[in-house]
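Accompanying notes for the structure given below.
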Amino acid sequence: MSIVVTGATGHFGRLAIEALLRRGVPAGQIVAVGRSVEKIKDLADRGVVVRHASYDDPESLRAAFAGADKLLFVSGSEVGKRTAQHRNVVAAAKDAGISKIVYTSLPHAETSRMILAAEHLATEQALTESGIPSVFLRNSWYLENYNIQGAVEHGFHGAAGDGKISIATRADLAEAAAAAIAADGIDQQVYELGGEGVTLSELADEVSRQSGREVTYTDLSPEKYAEFLVGVGLPEQFAAVLADSDKNAAEGSLYTGTEDLEKLLGRPVTPLADAVRAALA
Ligand SMILES: NC(=O)c1ccc[n+]([C@@H]2O[C@H](COP(=O)([O-])OP(=O)(O)OC[C@H]3O[C@@H](n4cnc5c(N)ncnc54)[C@H](OP(=O)(O)O)[C@@H]3O)[C@@H](O)[C@H]2O)c1
């Protein structure tokens, strides 16, 4: 009963593999897949099967998935290329006879107007069309998207207005993904996953409270926020995607309002205050 995890060389995939190991899945039944596999040599040393594959290379995906039963499909990071890449993953999973897929998606993928939503929705549709029983984990924003320590000096900037964002730690979301893929069968097809909903002003207030410094949130127009991001070194296209995400977050696109994360974790979500404390430590 082996489980393939793609994106295993990234932050989320590694945390999900650690969570699978903690749940008692034998290392030899976990197949960790990514391109820069030198990053996960330590997992190979612990008995995890490590295989190289690229989402751009169908043959490498078929070889990586061979003999596996389940797939934790961590979405790729190359925005704009992912619809084709993810279709390659779904086709290879079909060829390999994978019997269950858990995919990391985006909140409200079928109605979200975020630029990022299109590739996730196309992937969910490809999974549905494949006929492979699939679960969509629509993850809201990681706390790690925010530079908590940097904010103590420079404050937060964004364009999310008073929109509540269901911020969760990446570790909680990865543990939930491990629970979803480890489970037999499928209890629920779509999970809208996030922590407590907070505005970016409320996040700033929490960092103020804990750091003892006045931490501000500066709300900008999406255009000014994109300019700000380019000013701190982000590529223009990525800055535009992040500004668009914030613009939509202002209207609630990243607010989940469910208890789905608790349900998968089988315990309360890590409180934001605890996560901020850990980030400041
Ligand atoms: N919810 C959120 O707040 C949030 C924030 C950022 C990203 N995300 C999404 O969640 C995913 C996981 O997050 P993360 O923090 O783990 O991101 P990450 O650390 O950047 O990891 C991305 C992973 O995707 C793999 N990847 C990218 N392109 C690939 C390709 N063409 N072929 C094979 N593997 C490829 C990378 O493999 P290599 O390093 O080996 O190339 C890496 O393992 C991201 O990829 C993105 O889709 C969500």
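Calculate for the chain the 222 nm mean residue ellipticity that helices alone would give, adding -39,500 (n - 2.57) per DSSP H run of length 4 or more and normalising by residue count, nearest 500 deg cm²/dmol. Don't skip to the end; give the middle numbers.
Details: 12 runs with 125 residues, N = 281.
Using -39500 (n - 2.57) per qualifying helix, the result is -13000 deg cm²/dmol.
Hey, with R₀ at 30 Å, roughly what FRET efficiency would residue 223 and residue 154 work out to, going by the Cβ-Cβ distance, to 0.05?
Efficiency at R0 = 30 Å is approximately 0.90.
Each of 93, 158, 72 was scored by the projection of its Cα onto the charge dipole of segment 24-175, and the greatest displacement toward the positive side belongs to 93; charges sit on the C-beta of Lys, Arg, Asp and Glu.
Normalised per residue, the accessible area of the chain is 44 Å², obtained with a 1.4 Å probe and no contribution from ligands, DNA or RNA.
Subtract the Cα-Cα distance of residue 122 and residue 145 from 0.36 nm times their separation in residues, and report this length gain in nm to one decimal.
Additional length available on full extension: 5.9 nm.
Each Lys and Arg Cβ is given +1 and each Asp and Glu Cβ -1; about its Cα centre, segment 50-167 then shows a dipole of about 240 debye. In plain terms, the chain from residue 214 to residue 57 could stretch by 51.6 nm, reckoned as 0.36 nm per residue minus the Cα-Cα distance.
Using a Förster radius of 25 Å, what is the FRET efficiency between residue 41 and residue 129 based on their Cβ-Cβ separation? Nearest 0.05, please. The partial results should precede the final answer.
Details: r = 37 Å, r/R0 = 1.47.
So the FRET efficiency works out to roughly 0.10.
Taken about its Cα centre, the chain carries a charge dipole of roughly 880 debye when the Cβ of each Lys and Arg holds +1 and the Cβ of each Asp and Glu holds -1. The GluC sites (Glu not before Pro) of segment 1-89 meeting both criteria, a DSSP state outside H, G, I, E and B (loop) and at most 15 other C-beta atoms within 10 angstrom of the site's C-beta, are 78.
For the chain, the spread of Cα coordinates along the three principal axes comes to 54, 36, 34 Å, biggest extent given first.
Note on segment 1-41: with charges restricted to the Cβ of Lys and Arg (+1) and Asp and Glu (-1), its dipole about the Cα centre is near 60 debye. Mean projected area of the Cα convex hull of segment 1-157, taken over all directions, amounts to 10.3 nm².
Taking 0.36 nm per residue of sequence separation and removing the Cα-Cα distance, the residue 18/residue 278 pair yields an extension gain of 91.7 nm. The number of Lys pairs in the chain with C-alpha atoms less than 30 Å apart, excluding pairs fewer than 8 positions apart on the same chain, is 24.
Packing, as the average of other Cβ atoms within 10 Å across residues, places the peptides 259-266, 98-105, 152-159 in the order 98-105, 152-159, 259-266, highest first.
The values are calculated or read from the model by the stated rules, or taken from the named source; none is laboratory data. For clarity, every value in this text was computed on a predicted model and none was experimentally measured. Note that we place each Cβ from the backbone using ideal geometry, even for glycine, and neighbour counts take in every protein chain shown. To get the accessible areas, we keep the full protein, side chains included, count just its heavy atoms, and leave off ligands, DNA and RNA. Shrake-Rupley method; radii C 1.70, N 1.55, O 1.52, S 1.80 Å.
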